[in-house]
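Novice: Before I ask anything, here is the structure I am working with.
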Amino acid sequence: MDVPQADATTRFDPAAVAAVVFDIGGVFTYPDYVPVERRLGDLGVAAPDDVSAYRRAHHAGVFALTAAERPTREHHPDFWEVYDAAYAATLGVAAAAVDDFRVAIRNTWSWVHDDNVASFHGLAEADLPLAIVSNNDGTAPQQMQDFGVCQVGTGPLPSVAAIVDSTIEGVAKPDPAIFRPALDALAIEPERVLYVGDTVHADVRGATAAGMQVIQLDPFDHHRGFDHARCRDLAELRTLLGR
């Protein structure tokens, strides 16, 4: 399959990173696999033995979006059809059953990637300035507290400079304007700030347009051959950053 290459200006220089900004979905949270597993049973499809297969399904859907070059607005009515089809196919769901299956995927993004959260906490403990920028539904600040990730200000969780939610801001990735509140809160030049996300269409292209460094979480190596930086998880990112 021919796939589009990321913008050649994308870059990642660990020595130049003075702060890191993170996406939420596909980094800290994934679609809850419990209703997905239940729906597989309803359709007569065997559930995978290893729950990591549900993460693989998500990242297969992300790659399908990259390859399909769908409209970049995630609220476009047709946007998620490609993602849903790839997610379903990865789990063995027939194409004819995708319409009956997709409601399970859409249930809730509440499955927390505990290892990534722990690595994020490690970066915070290393005194690296951090922030969050997410295409979200207006509840990103509360999600970050509920899922044990972070907060703005004092409290039991690591404090970040900003938690930016597209619904609250009225602008969404890949529009580079969504990154401005986080960059302003960090008070660090964009070229010294690294953005971490899982998609090309929103994260790689949006952060690059904002003048930031960028790295994609691509744990199953779907985007090999692209010219932007990738890593498996936040533990590997910590190693790359020497933190």
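Novice: In sequence order, what are the phi-derived ³J(HN,Hα) couplings for the stretch 104-109 according to the Karplus relation 6.51 cos²θ - 1.76 cosθ + 1.60 with θ = phi - 60°, rounded to whole Hz, with x for glycine and proline?
Specialist: Once θ is set to phi - 60°, the couplings for the stretch 104-109 become 5, 5, 7, 3, 6, 8 Hz.
Novice: Which order, highest average first, do 206-216, 125-135 follow once you tally other Cβ atoms within 10 Å for each residue and take the mean per peptide?
Specialist: Ranked by mean Cβ neighbours within 10 Å, highest first: 206-216, 125-135.
Novice: Over the chain, calculate the relative contact order: mean separation of alpha carbon pairs under 8 Å at least 6 apart, over the residue count, as a percent. Show your work: numbers first, answer last.
Specialist: Details: 444 pairs, mean separation 69.9, N = 243.
Relative contact order for the chain comes out at 29 percent.
Novice: Take D114 and Q142, extend 7 Å from each Cα along the Cα→Cβ direction, and tell me the distance between the two endpoints in nm.
Specialist: It works out to 2.5 nm between the two label points.
Novice: Plugging the Kirkwood radius over Cα pairs into Stokes-Einstein for the stretch 100-164, at a temperature of 10 °C and a viscosity of 1.306 mPa s, what D comes out in µm²/s?
Specialist: Numbers: Rh = 12.9 Å.
Stokes-Einstein gives a translational diffusion coefficient of 123 µm²/s.
Novice: Please list the radius of gyration and Dmax for the stretch 31-105, considering alpha-carbon atoms only, with Å as the unit.
Specialist: Cα-based Rg and Dmax for the stretch 31-105 come out at 11.9, 35 Å.
Novice: Kindly provide the helix-only [θ] at 222 nm of the chain, computed as the sum of -39,500 (n - 2.57) over DSSP H runs of four or more divided by all residues, to the nearest 500 deg cm²/dmol? Intermediate values should be presented prior to the final figure.
Specialist: Numbers: 10 runs with 90 residues, N = 243.
My calculation for the chain gives -10500 deg cm²/dmol from helical runs alone.
Novice: Could I ask something else about it? How far apart, in nm, are two points set 7 Å out from the Cα along the Cα-to-Cβ line at V34 and at E125?
Specialist: 2.9 nm
Novice: Over the residues of the chain, compute the C-alpha Rg and express it relative to 2.2 N^0.38 Å.
Specialist: Rounded to two decimals, the normalised Rg is 0.98.
Just so you know, all these numbers are worked out from the coordinates, no wet-lab data involved. Predicted, not measured: the structure shown is a model, and the values here were computed from it. Note: ideal-geometry Cβ built from the backbone for every residue, glycine included; neighbour counts use all protein chains shown.
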